[in-house]
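Notes follow once the structure below has been shown.
The values are calculated or read from the model by the stated rules, or taken from the named source; none is laboratory data. Because the structure is predicted, anything quoted here is derived from the model rather than measured. Note: ideal-geometry Cβ built from the backbone for every residue, glycine included; neighbour counts use all protein chains shown. Only protein heavy atoms, including side chains, enter the accessible area calculation; ligands, DNA and RNA are left aside. Shrake-Rupley method; radii C 1.70, N 1.55, O 1.52, S 1.80 Å.
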Amino acid sequence: MGKSAAPAADAPPLWQFRIELAARDMAAIEALEQALEPQAVALLRFERAKGKRWRIEALFLGKPERRRLLSLLRSLGLETRAWQLERLPDRDWVAESQAKLPSLKVGRFFIHGSHHKGAVPRGKLALEIDAGIAFGTGRHQTTRGCLELIESLAATPPGRPLDLGCGTGILALAMARLWGVRVLAADNDPDAVKVTKENAARNGLKPLVRVLRSEGYEAALLKRAAPFDLIVANILARPLIEMAPDLARHLAPGGRAILSGLLIEQEGEVLAAHRALGLRCEARRHHGDWSALLLRKPKARRGVRKRRA
Ligand SMILES: C[S@@+](CC[C@H](N)C(=O)[O-])C[C@H]1O[C@@H](n2cnc3c(N)ncnc32)[C@H](O)[C@@H]1O
């Protein structure tokens, strides 16, 4: 999970910083990413050793100071032995990676980059998404699981769906394309908000997809739009658990939620947090180590009428 941006053709050389860290240091890993993010043109995190370790890669335009990187790692109490800093050969990495990204079929969805010049396969719903500064090209197993669960609801179009943590907007676009309904897309990262707006326009879905910046469910506009009858949130397990009460509050009775960003081994705790609020699990999809869950909030119970004496 991460972000990447395209440097200009005449930009200074690219330098790559990389390090592998133990998953138990997650708070420090996130702090490291936050500290690297302002200077980095790309930040990527890859899972290793079945989630026991994470590899962090940051790309810089020009050479970052070795001394500052080292003191940053020390200040966060992270391992300082196994990290590397190297100059990458002069190539347009982003253009190359985009060119290499083949189009992708997930159920009825056909996801392709702007370099795809071929036809859309018959019966498929096309989504044009380029690799860029926001997360969500459809290649990650969590996004795949969410797309499959969205499609599983094809016959029951929601009136009011929300995509929380929209990244590139891929899931919001998929819902707008599948059902032709208005979708609210929100993210706490301004880059993701910008990219989702661009992707909505490029896919001809601007009239259907409204995009806003929101930390969780905090944005006033999001609150006004609630309750939603479908909330899709592909974030990480911890924030999903913390946001469970907000999700339950913003979901209409009988509404559904699709949650991902959690490892299979984290299903138990994510489900427990939501079951405690009355939601029940209707389906799940597993890809690699990742899980996507379909939950449902019970319909409001009719009040029991008291008989008049
Ligand atoms: C894993 S990406 C998912 C992107 C896309 N929805 C997908 O499925 O491919 C998670 C996104 O959630 C956003 N995010 C993380 N925590 C959030 C929060 N508390 N409120 C809103 N957005 C959040 C991140 O900025 C990121 O864009």
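Tabulated values for the structure
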{"item": "Residue within the range 129-152 that is farther than 23 Å from LEU240 by Cβ, hydroxyl-bearing (Ser, Thr, Tyr) and away from the ligand (no atom under 11 Å from the Cβ) present", "result": "no"}
{"item": "Residue in the range 16-31 that is of a type outside the set (Val, Ile, Thr), in contact with a Gly (Cβ under 8 Å, 6 or more places away or on another chain) and touching a residue at least 60 places away in the same chain (Cβ under 8 Å) present", "result": "no"}
{"item": "GLY180 small (Gly, Ala, Ser) and within 13 Å of the ligand (Cβ to nearest atom)", "result": "no"}
{"item": "Long-range neighbours under 8 Å by Cβ, at least six apart or interchain, first residue closer than 19 Å to HIS250 by Cα and near the ligand (Cβ under 6 Å from one of its atoms) within the range 153-171, second part of a loop (DSSP other than H, G, I, E, B) and open to solvent by 60 Å² or more (accessible area, probe 1.4 Å)", "result": "GLY165/ASN188"}
{"item": "Residues that are surrounded by fewer than 18 Cβ atoms within 10 Å (Cβ to Cβ) and either aromatic (Phe, Trp, Tyr) or over 19 Å from ARG67 (Cβ atoms) (or both), drawn from the range 16-30", "result": "GLU20, ALA22, ALA23, ARG24, ASP25, MET26, ALA27, ALA28, GLU30"}
{"item": "Count of the range 47-57 residues which are exposed (fewer than 15 other Cβ atoms within 10 Å of the Cβ) and either farther than 15 Å from LEU262 by Cα or without any contact (Cβ under 8 Å) to a residue 40 or more places away in the chain (or both)", "result": "4"}
{"item": "Any chance ALA185 is farther than 19 Å from ARG284 by Cβ, within 15 Å of the ligand (Cβ to nearest atom) and open to solvent by less than 10 Å² (accessible area, probe 1.4 Å)", "result": "yes"}
